[in-house]
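Here the structure is laid out as structure tokens; the discussion comes afterwards.
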Amino acid sequence: MSQLIKGKQIAHDEWTRVIPPSFGDEPVRKQAGKVVMFKLHGEETFTQKQIDATLIPAGKVLIPLAVWLAKKESLAQRLAAGEIGIVLQTHEPIEQLVEAFENLNSLPVIAVYVQIFADGRNFTLGNLLRTRYGFKNELRAVGDIMRDQLFFLQRSGFDSYLIKDGRNAEEAIASLNDFTQPYQGASNDVPVWRRLDRSQL
Amino acid sequence: MYKYDKIDQQLVNERVAQYRDQTRRYLAGELTEEEFRPIRLQNGLYIQRLAPMLRIAVPYGLLSSKQLHKLGDIAKKYDKDYGHFSTRQNLQLNWPKLEDVPDILEELATVEMHAIQTSGNCIRNITTDQFAGVAPDELFDPRAMAEIIRQWSTFHPEFALLPRKFKIAVSGTKDDRAVVQMHDIGMEFFKNENEELRIKVWVGGGLGRTPILGTVIHESLEWQHALSYCEAIIRIYNIHGRRDNSYKARIKILVKAIGIEAFKAQVEAEWAHLKDGPLTITQAEFDRVSTYFEPMPYETLPANEASFDLHLASNPAFAAWVKRCVHAHKIPGYRALTLSLKTHGEAPGDATSAQMHVVADLADAYSFGELRVSHEQNLILADVKLSDLFSVWEKARAAGLATPNIGLLTDIICCPGGDFCSLANAKSIPIAQSIQAQFDDLDYLHDIGDIEINISGCMNACGHHHVGHIGILGVDKGDTEWYQVSIGGKQGNDASLGNVIGPSFSADEMPSVVQKLIDVYVQERTPEERFIDTVRRIGMDPFKNHVYLENTEVSS
């Protein structure tokens, strides 16, 4: 069972993540080659068949951006009621998410999904959501998430982390404090030389 | 050189603690092999053919004597009493135990050293000219900027897991010695017509499987924006670089795929958001870091020195060494010198613990307690008085560090190759040794003159074979080791990539192949020509013909 860290504590997860059903004929991969959308090389995308077959339960749900785009008319009420959060996959253009909502902060949660630990695009996406697009609500890291990414995720604007199944989330919290005084700025911080007077150290 | 303050020291100490716990979790089965891999790589640890390999960072090649003593001690205690200086100006240990690495890192931290980001898909060690701060042709001492970039790139949260490794080089000389064109980002500092410090920014260079020289993305960037511009470039790369195929994941492939104009447009659009923001380097921060790189307390000395001139005139061995290993210095009466780690018959770049201690002592006695590592895999004492050169030479010679072959054929740049590296297709060190044996006559070497031979054991190109005047690449053909030879590569401002001369050779054939290439050069050269000049003038064919066609006369 995946466990959620919110802020610096274990928290109850009140959101249900909606995952489109699998038919066994996935994944669809964009072919490598002369494709203008360079970023889509080799990435898995949901098929129309999967999106059509996705059932959205009652209550607070985290749904893939592709599902939202296909079903937004029927979900508008639930968005207004604060029941919709969006899951962005790392290969999806952030502009697509930003353009899909008149007010990004109408979403109580945005989750960024990484398929594998080594995919560091979530850091850039988190940073941009905070610094460029002014997203103020919960920013959640989901997918192949374990304690070894937490410090970087936190510095990139994330404030909740769904630790993958089988890993100890209690212990993972300590990693949020791995480094006391980082060199860099962050989504809510400035570089160390602007943070304090190093000539006095 | 740079000294850690409380912040630097705390970061490195915290990193040791973090990695100690990660190693514990790996050994306890709490981290899988696949999960531990990116973690150990970013702490310098490879799993090699025979044992792990630990790559210790030497930021922009600068070391203190105290640090080198510590490296010598570590090589003795945790390894087989030697280390290997690499083409990234780092030090590699070939035989540490995985479970000892946290202890090694803890010892390194006591002398302000670490192995952070020496491997893995992140921003690697920043490299620069080994003569930074002392070179007469220097327009700008790049070390303070290298340190500022080092700090910015260390544990950069957004760029912790890039598509592939990312290498940055800085230089501030007319004659580029930092090979900025073969880096993911190369920053060439210069002064414009108004004497303002600017940067020519190169992007998308790199060797490896697909060697490409960099392209200029900004002709004249104000120095204050060095970090924000790098951040814009790497952000575009992090999002758009390929992650499906590691051979196509370097930034050079992205730049080629979308074209420099489109790439530049994306970078500039991103940079518009970052420019003049918190990443703008302030004069105060630049000055603070620069205080660590102020000139050494040089004595006022005459340009000439009688005892030096006497030794030079009376001792041909000393004179030969001075000719090859001693370099001009911007302060009168001082010289920089190279201690050769290319002793014939030894693995290029290797130094024993005893040699490290000797070099550290020499640095203390004669060069303000500092030294440098060059990307040609030698050690440099940068600030030696003319009057001390003879003493240094005698001591270096006794320790096997005074082979007068710098820049000559036997000063071979070579990766560890198949003897150690699990990526290699073929051995590289024995090839270097057999070539050194073929050309063991010093007079002949001096007659051949300036030439660079680079050997890589596989297409990952750690030996930079593409930019060797003669480049040798190990290839694997059905379980046997073969070597592909190229000529015409060159590093520097007029960099070029070599062309393959034809089918590959067995290891046994290599010394005679190099001999034949040299024979053509010696026959064809004009008096002032170096090997590379002759290749560029007459082209490949005469070389190719002589190597492949037996009994063919070399035409004039």
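Bear in mind that the values in this text are calculations on the coordinates, not laboratory data. Note that the structure is predicted; figures quoted are calculated from it, not measured. All Cβ positions, even for glycine, are placed from backbone atoms using ideal geometry, and neighbour counts span all protein chains on display.
Could you give me the ³J(HN,Hα) list for the stretch B:251-258, computed from phi with Karplus coefficients 6.51, -1.76, 1.60 and θ = phi - 60°, whole Hz, x at Gly and Pro?
For the stretch B:251-258, the Karplus-derived couplings read 4, 4, 5, 4, 4, 5, 5, 9 Hz, x marking Gly and Pro.
Which whole-number percent gives the relative contact order of the stretch B:314-363, counting Cα pairs below 8 Å spaced six or more residues apart?
On the way: 23 pairs, mean separation 9.3, N = 50.
Relative contact order comes out at 19 percent.
Out of residues 5 or more away from B:Glu138 or on other chains, whose amide H comes under 5 Å of its own, with H placed 1.01 Å from N in the peptide plane?
Close amide H contacts, sequence-distant or interchain: none at all.
If you stretched the chain out fully between B:Met296 and B:Ser246, how much longer would it get, using 0.36 nm times the residue separation minus the C-alpha to C-alpha distance?
Working: separation 50, 0.36 × 50 = 18.00 nm, distance 4.44 nm.
Using 0.36 nm per residue and subtracting the Cα-Cα distance, I get 13.6 nm.
Would you work out which of B:Ile413, B:Ile104, B:Ala17 lies farthest towards the positive end of the dipole of the protein assembly as shown, given +1 charges on the beta-carbon of Lys and Arg and -1 on that of Asp and Glu, about the Cα centre?
Comparing the listed Cα positions along the dipole, B:Ala17 ranks first.
Compute the FRET efficiency between B:Lys323 and B:Leu139 as 1/(1 + (r/R0)^6), taking r as their Cβ-Cβ distance and R0 = 35 Å, and round to the nearest 0.05. Mind dumping the intermediate values first?
Values: r = 27 Å, r/R0 = 0.76.
Between B:Lys323 and B:Leu139 the formula returns 0.85.
Express the relative contact order of chain B as a whole percentage, based on alpha carbon pairs under 8 Å and six or more residues apart in sequence. Mind showing how you got there, number by number?
Details: 1160 pairs, mean separation 67.5, N = 556.
The value is 12 percent.
Quick one: length gained pulling B:Asp175 to B:Glu529 fully straight, 0.36 nm per residue minus the C-alpha distance?
Values: separation 354, 0.36 × 354 = 127.44 nm, distance 1.84 nm.
Answer, rounded to one decimal: 125.6 nm.
What per residue convex hull volume, in Å³, do the alpha-carbon atoms of chain A yield?
Numbers: hull volume 30.0 nm³, N = 201.
For chain A, the hull spanned by Cα atoms encloses 149 Å³ per residue.
Multiply the residue gap between A:Ile116 and A:Ala76 by 0.36 nm, knock off their C-alpha separation, and tell me the result in nm, one decimal place. Before the final figure, lay out the partial values.
Details: separation 40, 0.36 × 40 = 14.40 nm, distance 3.20 nm.
Answer, rounded to one decimal: 11.2 nm.
Taking 7 Å along the Cα-to-C-beta vector as the label spot, tell me the A:Ser22-B:Asp494 distance in nanometres, rounded to one decimal.
5.9
Output needed: Cys residues of the protein assembly as shown lacking any neighbouring Cys C-beta below 4.7 Å, sorted by number.
So, B:Cys122, B:Cys230, B:Cys325, B:Cys414, B:Cys421, B:Cys458.
Please report, to two decimal places, log10 I(q)/I(0) for chain B at q = 0.08 Å⁻¹ as given by the Debye formula with identical point scatterers on the Cα atoms and no solvent.
With one equal scatterer per Cα and no solvent, log10 I(q)/I(0) is -0.52.
Which value in deg cm²/dmol, rounded to the nearest 500, describes the helix-derived mean residue ellipticity at 222 nm for chain B, given -39,500 (n - 2.57) per DSSP H run of n ≥ 4 and division by the residue count?
Numbers: 18 runs with 202 residues, N = 556.
About -11000 deg cm²/dmol.
In nm, to one decimal, how far is the modelled label at A:Glu44 from the one at A:Ile10, with both set 7 Å along Cα→Cβ?
2.8
Please report, in Å, the Rg and the Dmax of the stretch B:1-112, where both are computed over Cα atoms only.
In Å, with Rg to one decimal and Dmax whole: 13.9, 41.
Report the residues of the stretch A:163-201 in range of a label on B:Ala284: point 7 Å along Cα→C-beta, backbone N strictly under 12 Å from it.
Only A:193-200 fall inside the zone, counting backbone N under 12 Å.
Against the longest alpha carbon principal axis of chain A, how many degrees, from 0 to 90 and to the nearest 10, is the axis of helix A:121-131 turned?
80
To the nearest whole percent, what portion of all C-alpha pairs in the stretch B:143-290 is separated by more than 24 angstrom? Provide the component values of the computation, followed by the final result.
On the way: 3004 of 10878 pairs.
Counting pairs separated by more than 24 Å, the tail of P(r) holds 28 percent.
Could you give the semi-axes, largest first, of the ellipsoid that matches the stretch A:119-178, computed as the square roots of 5 times the alpha carbon gyration tensor eigenvalues and rounded to whole Å? Present the calculation step by step, with values, prior to reporting the outcome.
Numbers: eigenvalues 84, 24, 20 Å².
Listed largest to smallest, the semi-axes of the stretch A:119-178 are 20, 11, 10 Å.
Ignoring solvent entirely, what values of log10 I(q)/I(0) come out of the Debye formula for the stretch B:402-556 at 0.11, 0.13, 0.18, 0.20 Å⁻¹ when each Cα is a single scatterer?
Rounded to two decimals, the profile gives -0.39, -0.54, -1.07, -1.32.
If amide H atoms are built 1.01 Å from N in the plane of the peptide, which residues on other chains or at least 5 residues away come under 5 Å of the amide H of A:Thr45?
HN-HN under 5 Å from A:Thr45: A:Val28.
Taking R0 as 22 Å, what FRET efficiency do you get between B:Leu549 and B:Lys477 from their Cβ-Cβ distance, rounded to the nearest 0.05? Before the final figure, lay out the partial values.
Values: r = 22 Å, r/R0 = 1.02.
Computed FRET efficiency for B:Leu549 and B:Lys477 comes out at 0.50.
Residue by residue, what Karplus-based ³J(HN,Hα) values in Hz, rounded to whole numbers, does the stretch A:67-83 have, using 6.51, -1.76 and 1.60 with θ = phi - 60° and x for Gly and Pro?
5, 4, 4, 7, 10, 4, 4, 6, 9, 4, 4, 5, 4, 4, 7, x, 9
Report ³J(HN,Hα) in whole Hz for each residue of the stretch B:445-458, in order, from the Karplus equation J = 6.51 cos²θ - 1.76 cosθ + 1.60 where θ = phi - 60°; Gly and Pro get x.
Once rounded to whole Hz, the list reads 4, 5, 5, 5, x, 5, 7, 10, 10, 10, 10, 10, x, 7.
Contact order normalised by length for the stretch B:306-398, with contacts defined as Cα pairs under 8 Å and 6 or more residues apart; what percent is it? Walk me through the numbers before you get to the answer.
Numbers: 109 pairs, mean separation 28.1, N = 93.
Reported relative contact order: 30 percent.
If I model a spin label at B:Lys191 and A:Val190 as a point 7 Å from the Cα along the Cα→Cβ vector, what separation in nanometres do I get?
With each label placed 7 Å out from Cα toward Cβ, I get 3.1 nm.
Among B:Leu31, B:Ile431, B:Gly457, flag the residue with its Cα farthest along the positive direction of the charge dipole of chain B, charges on Cβ as +1 for Lys/Arg and -1 for Asp/Glu.
B:Leu31
Given R₀ = 45 Å, FRET efficiency for A:Thr180-B:Asp361 by Cβ-Cβ distance, to 0.05? Kindly include the intermediate steps, with their values, before the conclusion.
On the way: r = 37 Å, r/R0 = 0.82.
Working from the Cβ atoms, E equals 0.75.
Just name one of B:Trp393, B:Val373, B:Ala328: the one whose Cα is farthest towards the positive end of the charge dipole of the stretch B:306-398 (beta-carbon charges, Lys/Arg +1, Asp/Glu -1).
Result: B:Ala328.
So how strong a dipole does the stretch B:99-142 carry about its Cα centre when Lys and Arg Cβ are +1 and Asp and Glu Cβ are -1, to the nearest 20 debye? All intermediate terms of the calculation are to be shown ahead of the outcome.
Values: 1 positive and 10 negative charges, 51 e Å.
Result for the stretch B:99-142 is approximately 240 debye, rounded to the nearest 20.
Which value, in debye to the nearest 20, describes the size of the charge dipole of chain A about its Cα centre when Lys and Arg Cβ atoms bear +1, Asp and Glu Cβ atoms bear -1, and nothing else is charged? Don't skip to the answer; put the middle values down first.
Details: 24 positive and 24 negative charges, 91 e Å.
Dipole about the Cα centre, nearest 20: 440 debye.
Where nothing but the Cβ of Lys and Arg (+1) and of Asp and Glu (-1) is charged, how large is the charge dipole of the protein assembly as shown around its Cα centre, in debye to the nearest 20?
Numbers: 81 positive and 99 negative charges, 370 e Å.
That gives a dipole near 1780 debye.
Tell me the net charge near B:Gln283. Cut-off is 14 Å between Cβ atoms, B:Gln283 excluded, with +1 for each Lys or Arg and -1 for each Asp or Glu. Let's see the in-between values first.
Working: positive: A:Arg194, B:Arg288; negative: B:Glu196, B:Glu222, B:Glu285, B:Asp287.
In short, -2.
When the Kirkwood hydrodynamic radius is evaluated over all pairs of different C-alpha atoms of the stretch B:368-475, what value in angstrom, to one decimal, is obtained? Mind showing how you got there, number by number?
Working: mean 1/r = 0.0659 Å⁻¹.
One decimal place: 15.2 Å for the Kirkwood radius.
At q = 0.05, 0.08 Å⁻¹, work out log10 I(q)/I(0) for the protein assembly as shown with the Debye formula, treating every Cα as an identical point scatterer and leaving solvent out; two decimals please.
Debye output, listed in q order: -0.28, -0.69.
For B:276-288, what's the mean count of beta carbons from other chains sitting within 10 Å of each residue's beta carbon? Kindly include the intermediate steps, with their values, before the conclusion.
Details: counts 0, 3, 8, 5, 2, 2, 3, 0, 5, 6, 1, 1, 4.
Averaged over the peptide's residues, the number is 3.
If the limit is 21 Å between Cα atoms, which of B:Lys252/B:Lys490; A:Lys6/A:Lys71; B:Lys167/B:Lys191; B:Lys167/B:Lys264; B:Lys3/B:Lys77; B:Lys167/B:Lys248 go over it? Intermediate results must be reported in sequence, preceding the final value.
On the way: B:Lys252/B:Lys490 19 Å; A:Lys6/A:Lys71 29 Å; B:Lys167/B:Lys191 24 Å; B:Lys167/B:Lys264 19 Å; B:Lys3/B:Lys77 26 Å; B:Lys167/B:Lys248 16 Å.
From the list (B:Lys252/B:Lys490; A:Lys6/A:Lys71; B:Lys167/B:Lys191; B:Lys167/B:Lys264; B:Lys3/B:Lys77; B:Lys167/B:Lys248), the Cα-Cα distance tops 21 Å for A:Lys6/A:Lys71; B:Lys167/B:Lys191; B:Lys3/B:Lys77.
Give me the tail of P(r) for the stretch B:294-440 as a percent: Cα-Cα pairs with distance above 23 Å. Display every interim value, and only then the final one.
Details: 4115 of 10731 pairs.
That tail contains 38 percent of the Cα-Cα pairs.
With only alpha-carbon atoms in the gyration tensor, what are the semi-axes of the equivalent ellipsoid for the stretch B:492-536, in Å, largest first? Let's see the in-between values first.
Details: eigenvalues 94, 51, 12 Å².
Result for the stretch B:492-536: semi-axes of 22, 16, 8 Å.
Hey, can you grab everything whose amide H is under 5 Å from the amide H of A:Lys60? Only 5+ residues off in sequence or another chain; H modelled, so Pro and N-termini drop out.
Here the answer is A:Thr16, since their amide H atoms fall under 5 Å of that of A:Lys60.
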